[in-house]
Amino acid sequence: MMSWLLAPLAILLGAVLTTQVATNTQLGKALANPYIPATVNMASGLIVTMILTWALTSQWPSREMMREAPWYLWPAGGILGVTYLTGNILLAPKLGAGALVALVVAGQLIFSVLLDHFGWFGFEQHPAGVARLAGCSLMIAGVFLISRF
């Protein structure tokens with residue numbers, strides 16, 4: 001069950017993510033290049049993440065732990081992040097903020113239900129029952145209402 005104390009923080013994160021799309025899109029327009037904002041975003045994100053990691057990490061993984069992690073996990077987050085970020089920068093001017101975010105959230109929701117249902121990527125299995133499928137259907141209906149394709 002979702003903690004109602006954490007829900008407002010998750011909503012705030014949605015606003016942060018949408019603001020990130022907007023600021024990167026504006027920087028792309030200002031520079032007449034949609035790829036530079038992704039570079040700037042990732043570089044500044046790296047710096048802030050490094051500072052946070054050094055400040056907040058008291059126990060580091062051993063070399064053996066790092067060697068045992070599957071090789072594809074090391075680059076996956078960065079590659080997926082750049083794909084997501086650059087896709088948003090390219091699509092935002094064409095779709096608009098509302099439609100873009102609605103489509104992204106619908107994609108996240110549908111894929112997360114699949115992840116839970118099949119237990120992919122180590123997630124605990126949670127069947128895609130009637131309620132979850134109805135929620136996905138309502139999300140898709142919401143996408144069409146927001147984007148009016």
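Each reported figure results from applying straightforward, stated rules to the coordinates on display, with no laboratory input. All figures in this text were calculated on a predicted structure; none of them were measured in a lab.
Quick one: Karplus J couplings for the range 3-12, per residue in order, coefficients 6.51, -1.76, 1.60, θ = phi - 60°, nearest Hz, x for Gly and Pro?
In residue order, the calculated couplings are 7, 6, 6, 8, 4, x, 5, 5, 5, 4 Hz.
In whole Å, what three semi-axes, largest first, describe the equivalent ellipsoid of the range 1-130 built from its Cα gyration tensor (square root of 5 times each eigenvalue)?
Equivalent ellipsoid of the range 1-130: 27, 24, 16 Å, largest first.
With springs only between Cα atoms under 10 Å apart, run a GNM on the chain and tell me which of 86, 57, 25 wobbles the most.
Largest GNM mean-square fluctuation: 57.
Under a 5 Å amide H to amide H cut-off, with H placed in plane at 1.01 Å, what residues pair with residue 126 once short-range neighbours are removed?
Long-range HN contacts for residue 126: 117, 119.
To the nearest 500 deg cm²/dmol, what mean residue ellipticity at 222 nm is calculated for the chain from DSSP H runs of n ≥ 4 alone, each contributing -39,500 (n - 2.57), summed and divided by the residues? Could you put the intermediate results ahead of the total?
Numbers: 6 runs with 115 residues, N = 149.
Helices in the chain give a 222 nm mean residue ellipticity of -26500 deg cm²/dmol.
Report ³J(HN,Hα) in whole Hz for each residue of the range 142-148, in order, from the Karplus equation J = 6.51 cos²θ - 1.76 cosθ + 1.60 where θ = phi - 60°; Gly and Pro get x.
Listing the rounded values in order: x, 4, 5, 5, 6, 8, 6 Hz.
With just the Cα atoms defining each centre, how far is the range 85-142 from the range 1-80? Give it in Å.
Each part reduced to its Cα centre gives a spacing of 19 Å.
Short version: ³J(HN,Hα) in whole Hz for each residue of the range 63-72, in order, from phi by Karplus 6.51 cos²θ - 1.76 cosθ + 1.60 (θ = phi - 60°), x for Gly and Pro, what are they?
4, 5, 4, 5, 5, 7, 5, x, 4, 6
Quick one: the Cα spread of the range 96-149 along its three principal axes, in angstroms, biggest first?
35, 22, 10
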